[in-house]
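See structure below.
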Amino acid sequence: MPIIIENLSHVYMPGTPFESKAIDNINLTIEDGEVFGLIGHTGSGKSTLIQHFNGLLRPTTGRVVVNGIDITNKNVDLKKLRSKVGLIFQYPEHQLFEETVVKDVAFGPKNLGLSQEEIQKRVKEALALVGLDYDVLKDRSPFELSGGQMRRIAIAGVLAMKPEVLILDEPTAGLDPRGRDEILEQIKNLHMKHKITVILVSHNMEDIARMAGRVGVMYRGKLIKTGTPRQVFSDYDTLKKAGLGIPQVTKLMKMLKEQGKAVRTDVLTVKEAENEILSMLRGKKHA
């Protein structure tokens, strides 16, 4: 289910003293089944952009094509589209409202008019996908659970709609390290198992480096760079211009390089850094 964005711009409150261009002439293709990371400083236009992917916002100019269908067309069935393109906003647990976990996860499928049997099946499947036990949690209030569990329940509510595209806006914001790792691992497993398209919006460079196969950088409403994580995080000047940092482990390797150490500076993970440092030390030992 590829998403094609062509010459997309969005202006808030046009024709008023408060007119503001949030995104400016974006061109981008997100391929079917890829994990695409979107990074940018607060106010760069990331959230405005992703709300065009399921018709929550309409373009001022340009168009968005999802799976070959121009969703900016007035005759598009937005309800059907939103069942296929799931959008999870920052702090989705704030949108939980039902008295039990099962009722909350079942809310979306119920609105699709599915049978009770199909709804129950989807609820069980969705909870399993996010690593939660249906039998243990089904009758519990979501508000009695941990922050990480609440967030996974909110994600399960979207997964129960069986989307082909999953968009997550800052999915690890506010979580402790354990909760953050749990969420990212579940997203990774979900993508590997079902090959759905995942669009991950984050300020956290480590999350993007760990998850994304390709990254886009937003700055003042423009998409100023796309590439693999290694390509993007090696472009220090562009990231600095956009008010962004680089992953901590990449920063460490860059510092070592500046001190004259024979190491690569395009590493993205702790394991890569470990191997690079060990290789450097072995080289010294044999020198």
request  = Take the stretch 26-72 and flag every residue that is hydrophobic (A, V, I, L, M, F, W, C), assigned to a strand (DSSP E or B) and under 19 Å from S202 (Cβ atoms).
outcome  = I26, L28, I30, V35, F36, L38, I39
request  = Search the stretch 240-253 for residues that are in contact (Cβ under 8 Å) with a residue 24 or more places away in the chain and pair each with any residue that is among the acidic types (D, E) and outside any helix (DSSP H, G or I) when their beta-carbon atoms are under 7 Å apart and the residues are at least 6 apart or on different chains.
outcome  = none
task = May I ask you to say which residue of P163, P109 is surrounded by 18 or more Cβ atoms within 10 Å (Cβ to Cβ), touching a residue at least 24 places away in the same chain (Cβ under 8 Å) and assigned to a loop (DSSP other than H, G, I, E, B)?
result = P163
inquiry  = What's the total number of residues in the stretch 73-95 that are closer than 11 Å to I167 by Cα and part of a loop (DSSP other than H, G, I, E, B)?
reply    = 2
ask   = In the stretch 213-229, what residues are assigned to a helix (DSSP H, G or I) and either modelled with pLDDT under 90 or farther than 22 Å from K257 by Cβ (or both)?
value = none
query = Tell me, which residue of the stretch 255-271 that is at pLDDT 85 or above and in a helix (DSSP H, G or I) is surrounded by the most Cβ atoms within 10 Å (Cβ to Cβ)?
reply = L256
query = In the stretch 192-213, what residues are within 22 Å of Q51 (Cβ to Cβ) and buried (at least 18 other Cβ atoms within 10 Å of the Cβ)?
reply = I196, T197, V198, I199, L200, V201, S202, N204, D207, I208, M211, A212
inquiry  = Restricting to the stretch 170-182, count the residues that are surrounded by fewer than 23 Cβ atoms within 10 Å (Cβ to Cβ) and either in contact with a helix residue (DSSP H, G or I) (Cβ under 6 Å, 6 or more places away or on another chain) or part of a loop (DSSP other than H, G, I, E, B) (or both).
reply    = 7
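The values are calculated or read from the model by the stated rules, or taken from the named source; none is laboratory data. Quick caveat: nothing in here was measured; it's all calculated off a predicted structure. Cβ sites come from the backbone with ideal geometry, for glycine too, and all protein chains shown count toward neighbours.
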